[in-house]
Amino acid sequence: MKRLFLLIGVCLASVMANAQNVNPRGLFKWTKVSFDGNHPEVTPEFDQYKYCTDSISVQMVIRRDVTTPKVDFQMSVLQNDSKPFNYTGDVPVGYDGKGSRVFDSDGKSFKFKWYNNILPRDKMFPYKEFVTEHYSVQNLDPRIVRCFDLCKMKLKGNKNKNRLFGCWYRVGSFSKIDNMDVLIPCPDELYKVYDEDVYFHAYNIGGPYQVRMYFILRPVKYKGADTVEEFGEDCTIKWIDDNTYHLSYKGDNGETVTELWKRSGFPTYVQKKLCGTDLPVFELKNPVPRRF
């Protein structure tokens, strides 16, 4: 009897291991495209990724237009899928049967089929036909993996050893007005995450209904309690308290730029949909406290 239960258990484990109907979750790389029509399979000429959670599916593309040699890595993150990727099977979806499908999904790979009625002149995707994109967890770019680890606050460094480690929000920069330092809020949201060997910027973030972010991942060097090397340049740090600092560096015109940074998580909707974190979010109160 024990042998029978053991055999049943092994069979169930084997079936579960080979299941092709799980919801894809995590980071996947686009590997090829196939078609229902009489077209040969195509290997994409650029790197594209999908990151899937229970709340959202986003698409990442490595930015090839960046030419500044000091930049390590840049990537755009766009929410161009209206809902999470949940398993449907390769069956008609929607009132006309042409809705998007997710199938052959085993946790390590999946296929995403969609009907092209929006790109009439695209060279890769035939118009008025079904297109199947293949995704896999194999051969992931480690820099993209690192970006998402940083988003989820999975840091290599110890926060107790360096209080810069973690996520920060740029409140604004200081400007002289009537010989007084006045804090000018920045028009664009900019976040920064420090780890032991890299830091990255996240900027141009979209609204609650459309997640959009751009990542810049760069090396960082800590040269003491008040100096950090970013983008190949030394920056001076003046601590106001454990959650506030001034960052000073030479601007493009040679003048010193001083910014105010506050410890903060990403916007709440980004944390919940994309990062799976729940960090306190800094909000600027008016009037600005005098100690700034």
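Quick notes
- Some residue of region 247-258 being surrounded by 14 or more Cβ atoms within 10 Å (Cβ to Cβ), in contact (Cβ under 8 Å) with a residue 24 or more places away in the chain, of a type in the set (Ser, Thr, Tyr) and part of a strand (DSSP E or B): yes
- Within region 233-246, residues that are in the same structural domain as VAL257 (by TED's automatic domain parsing) and within 14 Å of ARG170 (Cα to Cα) sit with their Cβ atoms under 6 Å from residues that are polar (S, T, N, Q) and part of a strand (DSSP E or B), at 6+ positions apart or across chains, in these pairs: HIS246/THR258.
- Any hit, region 2-17, residues being within 28 Å of PHE148 (Cα to Cα), at pLDDT 65 or above, more than 27 Å from the chain's Cα centre (by Cα) and loosely packed, with under 15 Cβ neighbours inside 10 Å: no
- Qualifying positions in region 41-65 - surrounded by 16 or more Cβ atoms within 10 Å (Cβ to Cβ) and basic (Lys, Arg): LYS50
- From LYS98, LYS152, LYS161, LYS128, residue being among the basic types (Lys, Arg), farther than 22 Å from PHE215 by Cα, assigned by TED's automatic domain parsing to the domain that holds ILE216 and surrounded by fewer than 18 Cβ atoms within 10 Å (Cβ to Cβ): LYS161
- Test: residue in region 202-215 that is under 15 Å from ASN162 (Cα atoms) and in contact with a strand residue (DSSP E or B) (Cβ under 6 Å, 6 or more places away or on another chain): no
The values are calculated or read from the model by the stated rules, or taken from the named source; none is laboratory data. Everything quoted here is computed from the prediction, not taken from an experiment. Counting neighbours? That spans all protein chains shown, and the Cβs are built from the backbone with ideal geometry, glycine included.
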